[in-house]
């Protein structure tokens, strides 16, 4: 095969620093989600859906065959943080948490993950971000230390 081809799907999750509810404003949140999608697209990572609530975001996207996962997340967080700080004086202190979760998604799981991300507001009426992330980490059998997950 003379051409290199790939379709890698990832579900990325990260929170605001200390889970501060910076993203309460729904119109700002919608704008942010579009902006995050633009950053992904500029890195050749196709955004499929972006959602979240006041203190964290979920991104379902492809991972370009030439883009490393850590580099993609770093650029998404850096670019969106800089952008958010220009939106309002209330966001001058905005920051994302240092860490993130990124999970592989099978092609047959796309619709389920899309529905999950689209239903974040309803979902978080019943479960906290911390419990949600713990569930992901257990489902993907990722060992973690509680002392270092919640910065």
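Expressed in nm to one decimal, what extension gain is obtained for the pair residue 104 and residue 121 from 0.36 nm per residue of sequence separation less their Cα-Cα distance?
Working: separation 17, 0.36 × 17 = 6.12 nm, distance 2.29 nm.
Stretched fully, the residue 104-residue 121 segment lengthens by 3.8 nm.
Report, in deg cm²/dmol and to the nearest 500, the calculated mean residue ellipticity at 222 nm for the chain, where each DSSP H run with n ≥ 4 adds -39500 (n - 2.57) and the sum is divided by the residue count.
Values: 6 runs with 62 residues, N = 151.
For the chain, the value works out to -12000 deg cm²/dmol.
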Expressed in nanometres to one decimal, the distance between label points 7 Å along Cα→Cβ at residue 114 and residue 34 is 2.0 nm
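Taking only C-alpha pairs under 8 Å that are 6+ residues apart, what is the relative contact order of the chain in percent? Walk me through the numbers on the way to the answer.
On the way: 201 pairs, mean separation 47.3, N = 151.
After rounding, I find 31 percent.
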Answer check: the chain, Cα atoms, Kirkwood Rh, Rg/Rh ratio of 0.96
Between the alpha carbon centres of the stretch 20-97 and the stretch 127-151 the gap in Å comes to 20 Å
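Taken together, the values in this text are just the output of simple stated rules run on the coordinates, not laboratory data. Values in this document were obtained by computation on a predicted structure and should not be read as measured data. Cβ: placed from backbone, ideal geometry, glycine included. Neighbour counts: every protein chain shown.
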